Amino acid sequence: MESGSPDAWKASRTYNDYIASPGRKRLDELKSSVGEVASRLGEETRIGVVTFAGCNGVVDMGDYDKARRDRLIGKINQLETMPATPAADALKVAMEKAGRVRGGRVILVSDGNDTCDGDPCAVAQRISGVQVDVISLGGRQSLACVAQATGGRLVEPARQGRSLQQILVDLGLNGAREQCR
């Protein structure tokens, strides 16, 4: 949709209404899932986190070893939903961060397209040596090219009948074991 068009305004209003509505949101599921994964990973595994919310909202939240995982969970629990998804910018930061660590990889959790005029597929093709597993919430395969370009996996919880928490635990624990071999 063209920015500023009537359809874009309607979509934005619908999204904002969804954010404001009561009940559990996908971000709430993500928060509890990250907490579960963080508590189950081994001591040797470090977790780096990059968040995104709003076109200028990409934040490298740092790296967390076993001793600092409670702090990570606290920071994750403070996240709030914001309109706009700068997937390309966030992916670039995450891939560069993971690329500095032997065996580093990225688990990208997103509910759709980059809405900030970025091209996550181009980012994935430009940066080599980092596997990106994509968890697509909402059943959109718009980021499948990222997983394909990096040798990662595309996972769609809604299609597979699995919870986000199950998938993150599986990717986190299995990925951690693969890195340690």
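Among the residues of the stretch 104-134, which ones are modelled with pLDDT of 90 or more, hydroxyl-bearing (Ser, Thr, Tyr) and part of a strand (DSSP E or B)?
none
Which residues, taken from the stretch 135-181, are part of a loop (DSSP other than H, G, I, E, B), at pLDDT 85 or above, on the phi < 0 side of the Ramachandran plot and not charged (D, E, K, R)?
Residues satisfying the conditions are 143, 152.
Kindly indicate whether any position in the stretch 79-101 is without any contact (Cβ under 8 Å) to a residue 40 or more places away in the chain, in a loop (DSSP other than H, G, I, E, B) and within 18 Å of residue 45 (Cβ to Cβ).
Looking through the stretch 79-101, at least one residue is without any contact (Cβ under 8 Å) to a residue 40 or more places away in the chain, in a loop (DSSP other than H, G, I, E, B) and within 18 Å of residue 45 (Cβ to Cβ).
Which ones in the stretch 35-49 are in contact with a strand residue (DSSP E or B) (Cβ under 8 Å, 6 or more places away or on another chain), in a loop (DSSP other than H, G, I, E, B) and either among the β-branched types (Val, Ile, Thr) or closer than 9 Å to residue 172 by Cα (or both)?
41
Output the residue which, of all residues in the stretch 50-78 that are surrounded by fewer than 20 Cβ atoms within 10 Å (Cβ to Cβ) and assigned to a loop (DSSP other than H, G, I, E, B), is modelled with the lowest pLDDT.
By that ranking, first place goes to 53.
Please determine whether any residue of the stretch 107-126 is free of Cβ contacts under 8 Å to residues at least 24 places away in the same chain and under 22 Å from residue 172 (Cβ atoms).
Taking every residue of the stretch 107-126 in turn, none turns out to be free of Cβ contacts under 8 Å to residues at least 24 places away in the same chain and under 22 Å from residue 172 (Cβ atoms).
The values are calculated or read from the model by the stated rules, or taken from the named source; none is laboratory data. Everything numeric here is computed off the predicted structure, so don't read it as measured data. As a convention, Cβ positions derive from the backbone with ideal geometry for all residues, glycine included, and neighbour counts pool all protein chains shown.
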